[in-house]
Every structure is written in C-alpha cells, then in structure tokens.
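The structure appears right after this line, and notes come after that.
The values are calculated or read from the model by the stated rules, or taken from the named source; none is laboratory data. If you're wondering where the values come from, they're calculated on a predicted model, not measured in any experiment. Cβ: placed from backbone, ideal geometry, glycine included. Neighbour counts: every protein chain shown.
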Amino acid sequence: MTSSRRHEPPRLPDTPEEGYYLVRMVAKGPRVPAMVNCGFRWRASVCGMWLGADFDPFKAPYVMHICNYGTRITEAEYERLMSDPRVSTLDPFTPVDVRTLPVEEF
C-alpha cells in the first residue's frame with residue numbers, strides 16, 4: 001500500500017477531488033480504501049459502503065475528511081484492496097486496539 005505523501009502532487013486544502021484514497025476515518029482506526037465521486041452529486045464510499053450524497057461537497061458526508069486526510073491511491077490499488085476479503089470485515093469507524101488483535105501464525 002502506498003502510504004507516502006512524498007510522491008503525491010500538491011493538493012489545495014478544502015478543495016474536494018474525485019478519486020481513490022486510503023484513509024483513517026477515526027483516530028487509531030484501520031486505514032481503509034475510500035472513493036470520492038462527483039457524478040450528479042458529491043458522494044463518498046468507504047469499504048464499499050456509500051455514506052450519502054449532497055450537491056455541496058462540504059455537506060456531503062465524509063467527502064472533505066477523505067479528501068483532506070486521505071492518501072491518494074490508484075484505481076488498480078483500490079480494486080485490489082476491495083477484493084481482499086479482510087477489508088469487508090473492517091469497521092472503519094471503530095478504533096483498533098492492537099493489544100487485542102489475534103496473532104497470525106506464519
């Protein structure tokens with residue numbers, strides 16, 4: 001996953017941009033794939049769940065949060081992340097306590 005903002009083109013704050021992102025929706029939450037789309041209205045999707053829509057991007061749920069705090073990713077990377085079955089089990093709005101995570105065996 002790309003997590004470095006070094007290679008991203010500069011973005012203007014408070015300027016919504018359509019695209020694909022990797023973002024934390026809450027502090028200590030998992031980084032999840034998100035998409036911002038402006039067809040007829042601005043809308044955001046996190047882990048494949050549409051969060052609502054509005055004509056004004058500042059009123060559309062989570063659009064500005066994703067654009068301001070997310071890291072841009074490519075459409076191919078977004079599709080790869082969405083096809084991972086572990087993504088569907090994530091709750092993007094719940095913080096993760098790493099001390100309670102199960103240990104994966106190698």
Per the list (1) in a loop (DSSP other than H, G, I, E, B); (2) buried (at least 17 other Cβ atoms within 10 Å of the Cβ); (3) of a type in the set (Ser, Thr, Tyr), residue check on residue 45 breaks on (1)
Of the residues 36, 23, only one is in contact with a Ser or Thr (Cβ under 9 Å, 6 or more places away or on another chain), within 24 Å of residue 97 (Cβ to Cβ), β-branched (Val, Ile, Thr) and buried (at least 18 other Cβ atoms within 10 Å of the Cβ); which? 23
All positions within region 52-97 that are outside any helix (DSSP H, G or I), under 15 Å from residue 24 (Cα atoms) and hydrophobic (A, V, I, L, M, F, W, C): 73, 90, 93, 96
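Could you say which residue among 31, 99 is without any contact (Cβ under 8 Å) to a residue 24 or more places away in the chain and either in contact with a helix residue (DSSP H, G or I) (Cβ under 7 Å, 6 or more places away or on another chain) or of a type in the set (Lys, Arg) (or both)? Talk me through it step by step, then tell me what you get.
Values: 31 fails: without any contact (Cβ under 8 Å) to a residue 24 or more places away in the chain.
Result of the check over 31, 99: 99.
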List the pairs whose first member sits in region 67-85 and is under 15 Å from residue 44 (Cβ atoms) and among the basic types (Lys, Arg), whose second member is modelled with pLDDT of 95 or more and in a helix (DSSP H, G or I), and whose Cβ atoms are under 7 Å apart, counting only residues at least 6 apart or on separate chains? none
Of all residues in region 5-46, which are at pLDDT below 80 and in contact with a Lys or Arg (Cβ under 9 Å, 6 or more places away or on another chain)? 5, 8, 9, 11
Provide a single number: the residues in region 50-106 that are modelled with pLDDT of 90 or more, among the polar types (S, T, N, Q) and surrounded by 10 or more Cβ atoms within 10 Å (Cβ to Cβ). 3
